[in-house]
Amino acid sequence: MHGSGNQGTEAAEVEIHGTVADGFEPVRDAFVRNFEQRGERGAAVTVYRDGRPVVDLWAGSGDADPDPAPDPGQTSAVPPWTADTAQIVRSATKGVTAAVVLLLHQRGRIDLDAPVGTYWPEFKAAGKERVLVRQLLAHRAGLPALDRPLTPAEAVDQVSGPAALAAQAPAWEPGTDHGYHPQTYGWLLGELVARVTGRTVGRWAAEEIARPLGLDFWIGLPAAEAHRVGRIGPVAEPPAAEGGGLALRPKRSVADAYRDPDSLTRRAFGVIAPLPDENDPAYRAAEMPASGGIATARALARFYAATLGPVDGGPRLFAPATLTLARTEESKGPDRVLVVPTRFGLGYMLHGPASPLLGPGSFGHPGRGGSLGFADPDSGVGFGYVTNGLRKGVTADPRAQALIRAVRSAL
């Protein structure tokens, strides 16, 4: 590994920090171009290969607000992104939440082919008696939306979301089709885990995943770590030629569907109204297992590397059979919520046109706006990218895609 430092005249406006292994310089170069050409404000990328880090880079501002009002007496209102900066990763959280359920299955605590009502009796209402645990994981339960949106306070109380879903009738016959569950996914799996273990997803993940692996990852940010997390905010959209968002352009796009107030897409992304302020310390401290995780790029990459095998001589997270479950296709085709064709394993998006990853065997999860984590068993790669500058797209962010292409070229 060698330090990257400032990359000369090409990167004069941004100083790149961290290290890259010999042969992985293309990733550093792509990271530089994200700041120069793609509007990146503050970000980090980490790549593991065969359990060892080969890329660990960070740069830019620790706060996405480009022109904040300085506090009296402060010499610098905007802190730089540092090696320890963490950020909200939105739906990239789902990869860790799904791992909690898969690990409980691995330990014999959850049967993936059992009805959810076996563990959560109230869930059997409104025609959901036969909904299976595996259908929750693969976005096949028909529950992406609620008849009545929850308030921000209800969304974080760990009671209202599960109660609403227990009473909710499915939008389609469970098991017959799939549609992305943007927010309800967390309440569904969170309540399942609570019924089986007596612990919240956030606590279970902290004690059984993050602590053994040494991950700076939280579902429910501790007050002692709050200083490491800057504000997120929107950044300019990429040029039309480079795309962004979902990597397909169907006759009716997810953006078109979102503009329709009666569409399942709009209702699924609008299950909390008004939308919560993700910069609010109270929101970050709450447990939102679908969208509220806080992580470093290093943590995402290390987590996915550990699903493939030992990391730095430490524990392996997934047994071979569990790894197969994560990456085996359960859902494929037009997505009732995202509109375009998507592919899911048990808890993970799989490589495909809507969510291009490193290769055919890759599995992981993006976060709406940019962040991404995934594993590629064929190359032994664990990948993590975290940004504070958010775009409108759900998947296939051009900054993350540029980094993936660079990893592919380095391999």
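The values are calculated or read from the model by the stated rules, or taken from the named source; none is laboratory data. All figures in this text were calculated on a predicted structure; none of them were measured in a lab. In this analysis, Cβ positions are derived from the backbone assuming ideal geometry, glycine residues included, and neighbour counts consider all displayed protein chains.
Numerical summary
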read-out	value
Positions within region 179-214 being surrounded by fewer than 18 Cβ atoms within 10 Å (Cβ to Cβ) and small (Gly, Ala, Ser), in sequence order	Gly198, Gly214
Failed condition for Asp376, given (1) acidic (Asp, Glu); (2) more than 17 Å from Val96 (Cα to Cα); (3) in contact with a strand residue (DSSP E or B) (Cβ under 9 Å, 6 or more places away or on another chain)	(2)
Evaluation of Ala321 against (1) under 29 Å from Arg267 (Cα atoms); (2) surrounded by fewer than 21 Cβ atoms within 10 Å (Cβ to Cβ); (3) out of contact with any Lys or Arg (no Cβ under 6 Å at 6 or more places or on another chain) (one fails), failing number	(1)
Some residue of region 313-323 being in a loop (DSSP other than H, G, I, E, B), farther than 28 Å from Ala83 by Cβ, in contact with a helix residue (DSSP H, G or I) (Cβ under 7 Å, 6 or more places away or on another chain) and in contact (Cβ under 8 Å) with a residue 12 or more places away in the chain	yes
Test for Ala98: is it surrounded by fewer than 17 Cβ atoms within 10 Å (Cβ to Cβ) and not charged (D, E, K, R)	no
Identity of the residue in region 14-34, part of a helix (DSSP H, G or I) and β-branched (Val, Ile, Thr), that ends up surrounded by the fewest Cβ atoms within 10 Å (Cβ to Cβ)	Val32
All positions within region 351-362 that are in a loop (DSSP other than H, G, I, E, B) and touching a residue at least 60 places away in the same chain (Cβ under 8 Å)	Pro353, Ala354, Pro356
Residue identified as farther than 21 Å from Ile404 by Cβ, modelled with pLDDT of 95 or more and either out of contact with any Phe, Trp or Tyr (no Cβ under 7 Å at 6 or more places or on another chain) or surrounded by fewer than 17 Cβ atoms within 10 Å (Cβ to Cβ) (or both) among Thr75, Thr82	Thr82
Selection status of Pro377, surrounded by fewer than 22 Cβ atoms within 10 Å (Cβ to Cβ) and out of contact with any helix residue (DSSP H, G or I) (no Cβ under 9 Å at 6 or more places or on another chain)	no
All positions within region 138-154 that are touching a residue at least 40 places away in the same chain (Cβ under 8 Å) and out of contact with any helix residue (DSSP H, G or I) (no Cβ under 6 Å at 6 or more places or on another chain)	Ala138, His139, Arg140, Pro149, Thr151, Pro152
Flag if Gly333 is over 15 Å from Ala98 (Cα atoms), out of contact with any His (no Cβ under 8 Å at 6 or more places or on another chain) and not charged (D, E, K, R)	no
Yes/no for Arg298 being assigned to a loop (DSSP other than H, G, I, E, B), out of contact with any Leu (no Cβ under 7 Å at 6 or more places or on another chain) and of a type outside the set (A, V, I, L, M, F, W, C)	no
Residues satisfying the stated conditions in region 220-233, i.e. crowded, with 17+ Cβ neighbours inside 10 Å, within 17 Å of Arg298 (Cβ to Cβ) and modelled with pLDDT of 95 or more	Leu221, Arg228, Val229
Residue within region 195-205 that is among the β-branched types (Val, Ile, Thr) and either touching a Cys at 6+ places or on another chain (Cβ under 9 Å) or farther than 27 Å from Val89 by Cβ (or both) present	no
Odd one out for His365 among (1) assigned to a strand (DSSP E or B); (2) surrounded by fewer than 21 Cβ atoms within 10 Å (Cβ to Cβ); (3) touching a Gly at 6+ places or on another chain (Cβ under 9 Å)	(2)
